[in-house]
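Working notes for the structure below.
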Amino acid sequence: MILPNGWSVEVKIPFKSLRYQAGKGKFWGVDFWRRIDRLNREIDGWMPMVRGVSELQQLGKITGLDEIKTERTLEITPSVTISENGERIADVNQPDGSRFQNRPIGTDVGVSIKYQITPNITLDAAINPDFAEVEADAPVVRANQRFPIFFPEKRTFFLEGIDIFRSRLQIVNTRNIANPDVAVKLTGKIGSNTFGILGAVDDFPISDDFPEGEKAYAGVLRLRRDIGENSSLGLFATQYHRGSDRHNSLFGFDGKFQIDSRTVFDFEAVATYSKRFFYNPDIDDSEYRGGTGVAYRARYDYTGRNRGWNLSVSGRSADYRADLGFTRRTNSHGADFGFRIQSEPKPRNTLIGIVTRSSLGIDIDESGRLQGARASSRAQFNFQKQLEIDFSGGVSRENLYEDEFGARRNANQLGEFFGEPDRATTQVFGEVGIEKNFGKLFGFEAELGFSKNAFDLDFGASERYPRVSPAALLGDERLDPGTGFLLRYELGIRIQPTDPFNVRLSYDRRRLKRDDTGLIAFDSNIFSLRSTYQFTRFVFARTRVDYETVDGSLNSQHLFGWNPSPGTAFYLGYNDNSGYRAFNEFNNQFDPGFRRYGRSFFIRMSYLFRKSF
């Protein structure tokens, strides 16, 4: 409502959508705030907030909610998906060695159930859930990647109550439950105790080492007890069994302690036992055995008004495995120190404020070998009219050892590396970025970065970018990592000509040229377009198109949706997996233009039945 001195908004929030404990004399912590982008992202809040103090400690209190009626609500949402798929298959009778085959129309039926046992405890279950309408992951540069890449969870069933299962060690990553036949989750809070229980039977994608018909069984237990207002102690336990030869158990503790209004100490420590195949570099083969591992992390953080610092240690042992979590690297232990200094904001000046952040870090393996050391700094300048410019740079030391990549040389075998068994480099890197918004209509961000003496790990990026090391040029199959110059730049554009219509365009390029051979190890260009049109409050259309030049993949996702209420929905979608000037594995040549490799068309319908008791 527009008023002479401003405007007001009335929002109705059903109590059945909240988790709370009813009763007389209860105080509810609450905060209302608004960020005004056109006024340099000014934040206006209901309660006065002091920077450097936990927001939870400064929430306003409301009371008088004594006569709230508590209900138990049962929600049942059956769904049906009708789909028709096609894929390219081999055909020696065709000129290019392939043809496109359409599959018969298929029907998939599922159901999800939500039972609100109390306002604070919720039971969720899903049988054969379908996530066809979930937006695809954004493409990332995969060339020259030594470690796994993390992708965030987007599926609604797993997002419900996901904060309960989160941890800095990423002990639980529900993306590892790929295609559940059945999943059950119980989450809630009783007094000072928060809990989460998750179980699933997963129809894991078939692979050469995972026979058809076998399932994966996953279970997670999470408990946390509040101590005072902002401190807690908790535990994690997970079980994962896949097939007949992969078993993983994890158990650990975590805690958070608010030492004072600006100082926090938190930690995590877990142990794992796994029965699976472990790679042994001394024989260049995998051995089936049991393995015990540990992972830990501790952090001491002081956050003041205009300055702050933190000290952290973390590590994962060689045999640590968390099959329901995300682990970037094992056999690595390190320490980091960071500090922040910023000027007092001056909202009326051209330069509103400066924020600087610096960090130092070091990593070693369990043999005491240096894996890496780094020192970096970043300065962020905030100007009027939603303009932000930042500069960053630093220096790092990186060491590679052949037994981290494969065989360790001995009397019985050659090492994984061609030449010396280890490599080392000192890297210098820098980056400049700019972000500018012109109200709701238009905005852009750009980054330009480089790294001198960056490692080419000699994996080869694709048929378009094979290995270019001296070893590869000699026909030797062993890896030959070497240094080069890495150039990176990114550009993002946001356009919103009207309230219901928005378009986002992005471009990401990374190019690595080796020093020793002068050849391009890879040149990755990723073009992305995302667009949404909100016809009405309940009807929308969404499009996403991504093109990546390393392998020539051209993927798109188009979705029309009608969602009149949570749970009740109609979706009409089309997904396309194609290539442009991509390598054709059917004739071992590059296609001259566009070629479709797979596509799917689907209609998904669901309806929510709700009953309150």
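The values are calculated or read from the model by the stated rules, or taken from the named source; none is laboratory data. Bear in mind the structure is a predicted one, so any value in this text is a computation, not a measurement. We place every Cβ from the backbone using ideal geometry, glycine too, and count neighbours over all the protein chains shown. SASA here: full protein model, heavy atoms, side chains in, ligands and nucleic acids out. Shrake-Rupley method; radii C 1.70, N 1.55, O 1.52, S 1.80 Å.
Some observations on this one:
- Screening Ala136, Ala178 for residues that are over 30 Å from Gly406 (Cβ atoms), part of a loop (DSSP other than H, G, I, E, B) and open to solvent by 30 Å² or more (accessible area, probe 1.4 Å) leaves exactly one candidate, Ala136.
- When restricted to residues that are crowded, with 18+ Cβ neighbours inside 10 Å and either small (Gly, Ala, Ser) or part of a strand (DSSP E or B) (or both), region 400-422 contains 5.
- Taken over region 270-280, the residue count meeting the criterion of being closer than 20 Å to Glu404 by Cα, open to solvent by 30 Å² or more (accessible area, probe 1.4 Å) and of a type in the set (A, V, I, L, M, F, W, C) is 1.
- Being out of contact with any helix residue (DSSP H, G or I) (no Cβ under 7 Å at 6 or more places or on another chain) and either buried (at least 17 other Cβ atoms within 10 Å of the Cβ) or under 24 Å from Val80 (Cα atoms) (or both) is a property that Phe538 has.
- Extreme residue, nearest to Asn85 (Cα to Cα), among residues of region 107-133 that are among the aliphatic types (A, V, I, L, M) and surrounded by 18 or more Cβ atoms within 10 Å (Cβ to Cβ): Ala126
- Cross-chain or 6+ apart pairs with Cβ under 6 Å, region 219-245 first and touching a residue at least 12 places away in the same chain (Cβ under 8 Å) and closer than 21 Å to Ala178 by Cβ, then in a loop (DSSP other than H, G, I, E, B) and of a type in the set (D, E, K, R): Tyr240/Asp323; Gly243/Glu214
- Within region 358-381, being open to solvent by less than 40 Å² (accessible area, probe 1.4 Å) and either within 30 Å of Lys440 (Cβ to Cβ) or not in a strand (DSSP E or B) (or both) holds for Asp365, Ala379, Gln380.
For every residue, the table says whether it meets (1) under 34 Å from the mean Cα position of the chain (by Cα); (2) open to solvent by less than 40 Å² (accessible area, probe 1.4 Å); (3) closer than 30 Å to Phe613 by Cα.
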residue	(1), (2), (3)
Asp66	no, no, yes
Lys69	no, no, yes
Pro78	yes, no, yes
Gly86	yes, yes, no
Phe100	yes, no, no
Pro104	no, no, no
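- Residues considered: Phe267, Phe257. Of these, the only one that is assigned to a strand (DSSP E or B), open to solvent by 50 Å² or more (accessible area, probe 1.4 Å), in contact with a Phe, Trp or Tyr (Cβ under 8 Å, 6 or more places away or on another chain) and under 21 Å from Glu366 (Cβ atoms) is Phe267.
- Selected residue (criterion: surrounded by the fewest Cβ atoms within 10 Å (Cβ to Cβ)) from residues of region 221-254 that are hydroxyl-bearing (Ser, Thr, Tyr) and part of a strand (DSSP E or B): Ser231
- For Lys385, the stated conditions do not hold, so it cannot be described as without any contact (Cβ under 8 Å) to a residue 24 or more places away in the chain, in a loop (DSSP other than H, G, I, E, B) and under 30 Å from Ala446 (Cβ atoms).
- Considering residues of region 30-55 that are surrounded by 13 or more Cβ atoms within 10 Å (Cβ to Cβ) and at pLDDT 75 or above only, the residue farthest from Phe383 (Cα to Cα): Asp31
- When Asp576 is tested against the conditions (1) closer than 22 Å to Arg509 by Cα; (2) in contact with a Lys or Arg (Cβ under 7 Å, 6 or more places away or on another chain); (3) not basic (Lys, Arg), the lone failure is (1).
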